[in-house]
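*Asks:* Quick one: this structure, given as C-alpha cells, is what I'll be asking you about.
Each value in this text was obtained by applying a stated rule to the coordinates, not by laboratory testing. Values in this document were obtained by computation on a predicted structure and should not be read as measured data. In this analysis, Cβ positions are derived from the backbone assuming ideal geometry, glycine residues included, and neighbour counts consider all displayed protein chains.
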Amino acid sequence: MKTIGWGLLSVLTVALLCGCGGGAGLVSSESRLDYGPAEGNRESTDPILGDRKDARSRAIAHTDLAAAYFEKGEMAIALEETRIALRIDDSYPPIYNLLGLIQMQLKDPAQARASFERALRLDSRDPDINHNFGRFLCQNGSETEGIRYFMNAVQNPLYKSPARSYGAAGACYQSLKRDDDAFDMYDRALKLDPNYQAALLPHATLLMRRGALDEASALLVRYNRLARPNMDSLWLTVRIAHRRGDAQTEKDASAALRRTYPDSEPVRAMDRGDFR
C-alpha cells in the first residue's frame, strides 16, 4: 500500500517494504532538478489542462500523471512530469514526495533525501511524506531516525494507513535486532488492520520464537487466506510444524519449499537442522 500523497498519489507506498519495477541506474546530471522558481519559455497552453491558469490545479494534474507512470515503472516519463509540475508550482509538497520515491527507485539516495526534506519543509505534518522518508531512512542505514518519522506519520489523526507505518517501524526495529520493539509495532499494526499482510508473517515468526505456537499458527492461516504460499510462509510452516512435532505437515511444507525454492537460505537452514 503505497499511499504517497493527494489525488492519484493515494494509490502508491515500498513497504519496503515495496519496490516498483523499471528505472534501473542513476539519475543523469541532465535530470537533476533546479528547485528554484521556473524561468525561461513556458508554453501558454498546458497539454493536460489546456489554458487553465490555476497553477496548483495544473501542478496536481502533472503530479498525478507522474504517479501513474511511476506505478507502471516508466521512471523517465514520471521524472519528466515531476519537472513539469515543479516548473508550474514548486510549492506543492506531493511533487517532492513523489520525486523522492522516483529517485529512490533510480538509486540516487542523495537526491531522494533532498526531495523528501524539501517536501517536509513545505508540510511537516503530511503522514505520507513522513512515512516515505522513514522508509528511505530505514533502507539507508538510519533506522532510528526512520522510526521517528513513522511515529510522526501515525500521530496525524487524518492518516488513513497507520498500520503500514507501524508495520514498517517493526521491520526497522528488526533490522536493529530489537525484536521486542518490533513485536509491539507489528501488534499495533494488526490491531488496526488484522489483514495487513506485511505484518502477519513477521509477527507470527516472533510469536513462534516466544513459544506462542497457536497464535503464530492462527496468523499464518490468516496470511494463507490472503496470499499464495511463498518462501517465507512455507518456511514458517516448516518451523512451526517442527516445534509441534507435526511430522506430516513439516514433510509436506519442506517438500514444497525444496521444490519451489531449491537454492534458498531456508532450504540450506533445513539441511543444517537450523529451525530457529
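*Asks:* If each residue of separation counts as 0.36 nm, what is the full-extension length gain between Tyr261 and Arg243 once their alpha-carbon separation is subtracted? Please report the intermediate quantities before stating the final value.
*Replies:* Values: separation 18, 0.36 × 18 = 6.48 nm, distance 2.19 nm.
Difference between extended and current length: 4.3 nm.
*Asks:* So if each residue of separation counts as 0.36 nm, and I subtract the Cα-Cα distance between Ser124 and Ala269, what length gain in nm does that give?
*Replies:* 47.7 nm
*Asks:* Taking each pair of different alpha-carbon atoms in segment 205-256 once, compute 1/r for the pair, average those values, and report the inverse of that mean as the Kirkwood hydrodynamic radius in Å to one decimal.
*Replies:* For segment 205-256, the Kirkwood estimate is 10.9 Å.
*Asks:* In segment 51-96, which trypsin sites (Lys or Arg not before Pro) are in a loop and have at most 16 other Cβ atoms within 10 Å, using DSSP for the loop call?
*Replies:* Counting only loop positions with at most 16 other Cβ atoms within 10 Å, the trypsin sites (Lys or Arg not before Pro) in segment 51-96 are Arg52, Lys53.
*Asks:* Another question, if that's okay. If segment 123-172 were replaced by its equivalent ellipsoid, with semi-axes equal to the square roots of 5 times the Cα gyration tensor eigenvalues, what would those be, largest first, whole Å?
*Replies:* Sorted largest first and rounded, they come to 17, 11, 7 Å.
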